[in-house]
1. Summarise the partner chain shielding of A:11-24 as one whole number: the mean count of Cβ atoms from other chains within 10 Å of each residue's Cβ.
2. Using a 1.4 Å probe, how large is the accessible area of residue B:431, given in Å² and rounded to the nearest 10?
3. Along the charge dipole of the protein assembly as shown, Cβ charges K/R +1 and D/E -1, which of B:329, B:63, B:483 sits furthest on the positive end?
4. Provide B:537, B:434 ordered by accessible surface of protein heavy atoms (probe 1.4 Å), highest first.
5. Could you work out the mean count of beta carbons from other protein chains within 10 Å of each residue's beta carbon in A:39-50?
6. If region B:456-528 were replaced by its equivalent ellipsoid, with semi-axes equal to the square roots of 5 times the Cα gyration tensor eigenvalues, what would those be, largest first, whole Å?
7. Excluding same-chain residues fewer than 8 positions from residue B:431, which aspartates and glutamates have a Cα within less than 15 Å of its Cα?
8. Under the √(5λ) rule applied to the eigenvalues of the Cα gyration tensor, what semi-axes describe the equivalent ellipsoid of region B:194-249? Give them in Å, descending.
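The values are calculated or read from the model by the stated rules, or taken from the named source; none is laboratory data. Just so it is clear, the structure is predicted and the values come from calculations on it, not from any experiment. In this analysis, Cβ positions are derived from the backbone assuming ideal geometry, glycine residues included, and neighbour counts consider all displayed protein chains. For accessibility, only protein heavy atoms count, side chains too; no ligands or nucleic acids. Shrake-Rupley method; radii C 1.70, N 1.55, O 1.52, S 1.80 Å.
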Amino acid sequence: MSVSLRTMKKDQKGVVVSVNASGELGRRIRDMGLVPGTEFMVVGRAPLEDPVALRMKGFTLTLRNNEADFIVVAPED
Amino acid sequence: MGKEYFVAVSGQPNCGKSTMFNALTGSTARVGNYPGITVDRTEGRYCTPDFCANLVDLPGTYSLTSYSMEEVVARNVIVDEKPDVVINMLDATSLERSLYLAVQFMEIGVPVVLGLNMMDEVRKKGIRIDSKKLSELMGVPVVECIARRGVGKEELMESVQQVVEATEGEWNPVNISYGHDLDPVIEEMTVLIKENEFMTDRYDPHWLAVKYLEEDEIVMKNGQKADPQMAVQMEEKVQTVSAHIQKTLNTYPEAVLADYRYGFINSILKQGVISREDNLRFDASDKIDLVLTHKFLGPVIMLLIMYSMFYITFNVGAIPQGWVEAGFAWFSNTVGSLLPDGLLRSMVTSGVIDGVGAVMGFTPLILIMFAMLVFLEDLGYMARVSYMVDRVFRSFGLHGMSIMPFIMSGGLPGGCAVPGVMTCRTLRSPKERIATIITAPFMICGAKTTAYLMLVRAFYPDNATTVMFGLVLISWLLALCFGRLLRWTALKGESTPFVMELPPYRIPTLHGVAIHTWDRVWEYVKKAGTVILAISILMWALMTFPQLPAERVAAFEAQRVQVAEQSVAWSGTAEEKEAKVKQVLAEISYNEGEAALKHSYAGRMSEAISPVTDVAGFPWQANVAFIGAFAAKEVFVSTMSTAYSLGEEDPEEALSLTEKIAADKAWTTPVIWSVFIFLMVYVPCMVTVAVIARETNWKWATFSVFGSLTFGYSLSVIIYQVGSLLM
């Protein structure tokens, strides 16, 4: 089952299914390595729940919730 | 002499690239700017008996797209300056992501040497990397490094030499397969490019075709200029394939290209290059983050760290600042005593030495502040700070990174907008950066603090602390609101993506911190110094010319003579008489000073603008003070004191200034708050304006003057007019 990255809870793991952002945001996301097939884990959220921090490919990436909306993921259960 | 090589050092941010660059070039490194932009260009030399390498440190980038200034610069250096070799440093602890940049270099065709940095950390994590295998599969030399200790630097340069000798300046672009949808189109476009020699002098045909598919704005613009007909043909091809991919795969060519690049990297890594991939494992940094970015603890620790930075800067920094100022005061006195009394002396001491001295006095503060800031940045903490506050700042159209400039500029009263504006360099996005630069000077800097202390003590002696605290809150509110206004109007646009790495915590090297700090300080001294000199002389002239006509000077002189004559007849002891004479003479001097000030261009300006400022209710003394305070906000207090014809700036006399102001009926509550708010936002001081011009351009510096002026004036008029109605 695929959901938006925004809905993922802390400590939840998943795999990126697709990135539906184009233009600058899409390029930025891909340059950082968030491409389909990437395994990740939500490691934290900022004090106001936004942005969200992900652990992937050996480093930690942060992005805002409204940017996470463009990323479809398959959570691992 | 041996041979000369031109080598570019590149890498993704936080990969240890600059550490290796410093290790290679040592003290030969020199910083400049790329022509026309503020991205630093660091160059240095590395020599062996066989050859000398001229190295240039490219800005840290994740990719070679045309998304950011850094990426464009890195790409242009490769394409236009054609280095013999690129040393691509990469963080071996996240190899897959790091190779993304390397692959792009290989696509351009520039000879590459890979430096696998952080090999100590890799081993500590129990990961094994087969660098020989990686070298074989990628077809480029791979050197294991530990940049912090300089390990691998000789091997890197040996590889550079080997590569230069092997390639002999031949570039050999690597063509990755981008799948059956894109490969045929790329092939067609490449043939077309070659046939028409479409920008082939600058770009490799295959690479150019790929860039067209990525819809790279800069390349496409160049294409339209070079050959409009070809450009149209190319763009049509891209549109066709783009529509096809959109229909069949629901994605974009650019995304497909990225997927295939990562696929290419993965296929290499999976052939036994990495023994154990453990991408999601928690490391020490994550554990530290559990505390430092904790929901409640995180913000508290952040405030503590900022407060201590601030405290150290302005308390420890005050000591060397005192030395520098004392040095300039001594210099000013010495030069003053050497020159004959008159305009030349006045200009050299008041205009040149004092003006430049006031600016140089900031140097120790900037040095200390930047040393700490560079340390926190290199440590990886600043990324966490912006991560924590981004949500709040975003609602005002700013970026998480905007918090630091605000704090530095006086978000805790006593800061200074000069280092504050310079701190804005940490902001990557131009719109949010400019909005931050324009609004950061609203904060209550050290100079404004003195003015407010004087005024608050005069009008609110019983609630001084509360009023001061209120003013600080107002300054934050106004800065954020003006930021919001700017982002709705002049700087309209989407907020910049906050797709950012939280780099692992790494203790920075002393060498690295020292070099970065020195670069920034030196730039400040060099350039701000020259601009300031000019403005300083201008301000001096405005407050000095035209001088009082001879008959008025004579009139004051006559008064003095008269006092001296009359004093003989005064009653009292000789000492009492002397004291009284002194007092009366002082009064005459201040009257003369006031007359001279009102007569000068600055004074006339004040009178000329009074119809306008009357609407906001400013007393005339404040008018002159505001004009003078453009040079430096400290001037507000001294001008007020001159304007009120009062004593020197020693504590007792200052108190009587407070009393005098408090007694002045002109200062009603609406006037007080009108002046308070205006002083807060009306213009940045000239030092700040010069720095704003340097960090952006004169257009924005001018805007920061007139925009703030309009904003401050509107607020003051509202406060005064509404306040007067209500009173």
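1. On the way: counts 0, 0, 1, 0, 0, 0, 0, 4, 5, 4, 4, 6, 6, 9.
Per-residue shielding by partner chains comes out at 3.
2. So the heavy atoms of residue B:431 present about 80 Å² to solvent.
3. Among B:329, B:63, B:483, the one farthest towards the positive end of the dipole of the protein assembly as shown is B:483.
4. Values: B:537 50, B:434 25 Å².
Order by accessible area, largest first: B:537, B:434.
5. Numbers: counts 3, 2, 5, 0, 7, 9, 4, 13, 13, 9, 2, 5.
Mean partner shielding for this stretch: 6.
6. Numbers: eigenvalues 252, 126, 56 Å².
Computed over region B:456-528, the values are 36, 25, 17 Å.
7. Straight-line reach from residue B:431, under 15 Å: A:24, B:494, B:695.
8. Values: eigenvalues 87, 24, 20 Å².
Ellipsoid semi-axes (Å, largest first): 21, 11, 10.
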